[in-house]
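The values are calculated or read from the model by the stated rules, or taken from the named source; none is laboratory data. All of these numbers come straight from a predicted model, not from anything done at the bench. We place every Cβ from the backbone using ideal geometry, glycine too, and count neighbours over all the protein chains shown. Ligands, DNA and RNA are excluded from the accessible area calculation, which covers all protein heavy atoms including side chains. Shrake-Rupley method; radii C 1.70, N 1.55, O 1.52, S 1.80 Å.
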Amino acid sequence: MTPDRHVDPTKVTNQDAVRRPNPLVWIAASGALALIAVVLFALSVPIVAAWAWIGIAVQVGIFTAIAVNGLTGRRGPAQGYVFAVLMCVQAAVALLVIVVIAVAAWAPLR
């Protein structure tokens, strides 16, 4: 890196977890998020079964993608970017499905 180039430490792309990823840490974090989401979705199956099962399937799929990237992906920043994007998608999907389930749970029945 040249001394005149300013590196913004607040950018996600400049974080050590992305620049030099540790696959086991990313897999563990994704697994924890998936486990929490799957348990919440499983408890929600009686309320809105379709959305709960969709949420479970997506969480398992994204966790699998993160595990495959961690175990077979090329080491380096590219792998870190894939981890970061997949974790963002995993969190966003979990939030979206929980909001949909919550709205369905509190919506008045007609």
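What a 1.4 Å probe finds exposed on the chain is 73% carbon and sulfur by accessible area, rounded to a whole percent. Every helix of 4 or more DSSP H residues in the chain counts as -39500 (n - 2.57), and over all residues that averages to -24500 deg cm²/dmol at 222 nm. Listed peptides 78-87, 94-103 appear in the order 78-87, 94-103 once ranked by packing, highest mean of other Cβ atoms within 10 Å at the front. To the nearest ten degrees, helix 23-43 and the longest principal axis of the Cα atoms of the chain are 10 degrees apart. Against the chain, whose longest principal axis comes from its Cα atoms, helix 49-72 is set at around 20 degrees.
The angle between the Cα long axis of helix 77-106 and the longest principal axis of the Cα atoms of the chain comes to about 20 degrees, rounded to the nearest 10. Computed extension length for Ala67-Leu96: 8.2 nm, one decimal, from 0.36 nm per residue of separation with the Cα-Cα distance subtracted. At a probe radius of 1.4 angstrom, the accessible area of the chain per residue rounds to 66 square angstrom. For semi-axes √(5λ) of the Cα gyration tensor in Å, the candidate list reads [x] 58, 16, 10; [y] 22, 17, 14; [z] 35, 16, 9; the entry that matches the value derived from this model is [z].
Projecting the Cα atoms of Ala65, Trp53, Pro108 onto the charge dipole of the chain, computed from C-beta unit charges around the Cα centre, puts Ala65 farthest toward the positive end. Residues Trp53, Trp26, sorted by accessible area with the largest first, give Trp53, Trp26 [1.4 Å probe; ligands and nucleic acids excluded].
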